[in-house]
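Trainee: Structure incoming, see below.
Just so it is clear, none of the values below were taken in a lab; they were calculated from the coordinates. What you see is a predicted model, and the numbers here were worked out from it, not measured in a lab. As a convention, Cβ positions derive from the backbone with ideal geometry for all residues, glycine included, and neighbour counts pool all protein chains shown.
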Amino acid sequence: MNRLLLPTDFSDISKNALRYSQLFAQTTAADITVMHACESRLNRFWLPRKKHDALYQQLEDFIRDKDGAIPENVHIMIRRGKLKEVISGACMAGQFRYVVIGKKHAYSTFPKISGTKTSQLFASSHCPVLVVPAGVGFNGINNILVIGGQYRKMDPSVQENILSLSLRFGANLHYLNFTKEPLAWEFNQEILNKQNFLVQKSIPEDIAAEGILDYVQDNDIDLLIMMRNRHKTFETLFSYGFEQQCLSKIDIPLLVFHNNFLQMRLEKEKNKMVGEAVAI
């Protein structure tokens with residue numbers, strides 16, 4: 001289960017996502033599977049051996065490090081079919097912990113994406129999706145910001161995942177919650193694990209975009225986490241950041257939990273309970 005799935009189109013953006021994933025995987029002791037999906041109608045049911053071998057060679061060249069070697073923890077996967085279907089099947093089978101994709105800008109994942117490949121990928125993925133912006137390198141994760149959440153009220157399966165990341169990287173956890181009270185500013189800080197902290201802060205909803213941007217810059221945030229059903233917050237953030245021309249300065253990796261992740265965990269728990277009841 002401790003594996004990352006990286007779909008690739010062999011672009012420079014995808015290559016940068018691979019480099020980021022390799023350093024991310026070192027800290028989390030994870031393997032990486034680099035996957036290419038053949039989506040054409042001709043290849044949906046049958047992939048000629050010659051084309052398969054050519055793709056395999058292209059994938060091997062893609063994953064080689066600067067010395068020309070293939071890293072031991074990086075593997076290759078070639079699948080027929082549509083990308084969203086392949087990813088959905090792999091996540092449903094419980095093979096991967098995260099799906100990693102490269103994007104020109106992390107925030108451009110959210111505005112007006114209905115019907116795009118990225119939105120379909122989020123909708124079909126039952127694993128959290130890590131979006132790596134183009135040109136962003138991995139410099140460790142010291143501060144993680146969870147958008148629109150309260151740590152005492154968050155779903156246990158999501159909270160477990162976030163806490164695991166925090167402990168592995170030794171990172172401070174920041175939870176930024178929005179309230180409709182215009183003058184409500186709350187701040188609470190607790191020791192999380194000896195040297196790192198858990199911070200809960202609430203800010204007025206009407207200044208959410210400005211508040212996020214300021215908080216990211218003031219607290220040296222290295223990773224943003226959000227639930228997919230909170231995408232309106234990021235649409236507002238994108239619009240504001242684009243107008244202020246400041247998004248490029250804080251374009252950092254973004255980890256997204258879709259509702260499918262929660263539903264799959266609930267189904268597993270139900271099946272487990274049914275199994276235990278039958279056994280009794």
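Trainee: Taking 7 Å along the Cα-to-C-beta vector as the label spot, tell me the Ile191-Ala69 distance in nanometres, rounded to one decimal.
Mentor: About 4.1 nm separates the two model spin labels.
Trainee: By the scheme Lys and Arg +1, Asp and Glu -1, what is the net charge of all other residues having a beta-carbon under 12 Å from that of Asn143? Before the final figure, lay out the partial values.
Mentor: Working: positive: none; negative: Asp218, Asp220, Asp222.
Taking every Cβ under 12 Å from that of Asn143, the sum is -3.
Trainee: Okay, moving on. What does the charge add up to near Ile203, with Lys and Arg as +1, Asp and Glu as -1, over the other residues with Cβ less than 12 Å from its Cβ?
Mentor: Details: positive: Lys180, Lys201; negative: Glu181, Glu186, Glu205, Asp206, Glu210, Asp214.
Summing Lys and Arg as +1 and Asp and Glu as -1 gives -4.
Trainee: Which entries of Lys15/Lys51; Lys84/Lys104; Lys84/Lys201; Lys82/Lys104 show an alpha-carbon separation above 30 angstrom in the structure shown? Could the numbers behind the result be given before it?
Mentor: Details: Lys15/Lys51 22 Å; Lys84/Lys104 20 Å; Lys84/Lys201 36 Å; Lys82/Lys104 22 Å.
From the list (Lys15/Lys51; Lys84/Lys104; Lys84/Lys201; Lys82/Lys104), the Cα-Cα distance tops 30 Å for Lys84/Lys201.
Trainee: Once the Cβ-Cβ distance between Met77 and Lys180 is put in as r, and R0 is 41 Å, what FRET efficiency do you end up with, to the nearest 0.05? Each step should come with its number before you reach the end.
Mentor: On the way: r = 46 Å, r/R0 = 1.13.
It comes to 0.35.
Trainee: Oh, and also: Give the long-range amide H neighbours of His105: residues separated by 5 or more places, or on another chain, with amide H under 5 Å away, using H modelled in the peptide plane at 1.01 Å from N.
Mentor: Amide H to amide H, under 5 Å and 5 or more residues apart or across chains, His105 pairs with Ala134.
Trainee: Further, regarding this structure: Please list, ordered by chain and number, the residues whose modelled amide H lies under 5 Å from the amide H of Cys38; skip anything fewer than 5 residues away on the same chain.
Mentor: Close amide H contacts, sequence-distant or interchain: Arg79, Arg80, Gly81.
Trainee: Then there's this: Subtracting the Cα-Cα distance from 0.36 nm times the residue separation, let me have the gained length for Met154 to Met92 in nm, one decimal. Could you put the intermediate results ahead of the total?
Mentor: Numbers: separation 62, 0.36 × 62 = 22.32 nm, distance 2.27 nm.
Extra length from Met154 to Met92 when fully extended: 20.0 nm.
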